[in-house]
Amino acid sequence: PLVPVAEDSDVFEPLLRYIYPISKAPIETFDMLSRLIDLAEKYDIESARSPLTQYLESDRILKYAPLRVFAIAKRYGYSDIAKAATKYCVRLDLTDRTLLD
């Protein structure tokens, strides 16, 4: 049976890979990571949420986009991740216009 969903397959298919025991799709952009976390939260999928939030709080991601990590963490109540992100945020040069990107 078909189940209609609002999301596109480009984000839903990688999410399903976290649910079923098949190889995980690589997360190539922060936007994809954000969208996957949004879906995991929307549909309350703990088997996807856990590895995605672990990836979100990795040093690589925290160094790359600490403000975005902080925003996602605050949105979903990931207090430990928000706290970790603040440590990276205080190091940012707030006059750097690339932060607006």
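Every read-out reported here was derived from the displayed coordinates using simple, explicitly stated rules and does not represent laboratory data. If you're wondering where the values come from, they're calculated on a predicted model, not measured in any experiment. Neighbour counts run over all protein chains shown; Cβ positions are idealised from the backbone, glycine included.
For the chain, I need the span (max minus min coordinate) of the C-alpha atoms along each principal axis, in Å, sorted largest to smallest.
Answer, in whole Å and largest first: 52, 25, 23 Å.
For the chain, with the dipole built from +1 on Lys and Arg beta-carbon atoms and -1 on Asp and Glu ones, taken about the Cα centre, which of Pro21, Ala85, Leu36 lies farthest toward the positive end?
Ala85
Bin all alpha-carbon pair distances of segment 1-43 at 10 Å intervals from 0 and give each bin's fraction as a whole percent.
The distribution over segment 1-43 is 26, 59, 15, 0, given as percents.
Once you put a point 7 Å from the Cα of Tyr43 and another 7 Å from the Cα of Tyr55, both along the Cβ direction, what distance in nm separates them?
So the label points at Tyr43 and Tyr55 sit 1.5 nm apart.
Given the -39500 (n - 2.57) contribution per DSSP H run of 4+ residues, what per-residue ellipticity at 222 nm results for the chain, rounded to the nearest 500 deg cm²/dmol?
-18500 deg cm²/dmol
Treating cross-link reach as a plain straight distance, find the lysines whose alpha-carbon is under 23 Å from the alpha-carbon of Lys74, omitting any fewer than eight places away in the same chain.
Lys42, Lys63, Lys83, Lys87
If contacts are Cα pairs under 8 angstrom and at least 6 residues apart, what is the relative contact order of segment 1-67 in percent? Intermediate values should be presented prior to the final figure.
On the way: 34 pairs, mean separation 17.2, N = 67.
Relative contact order, segment 1-67: 26 percent.
To the nearest 20 debye, what is the magnitude of the charge dipole of the chain about its Cα centre, counting +1 on the Cβ of each Lys and Arg and -1 on the Cβ of each Asp and Glu?
Details: 14 positive and 16 negative charges, 83 e Å.
Taking the Cα centre of the chain as origin, the dipole is about 400 debye.
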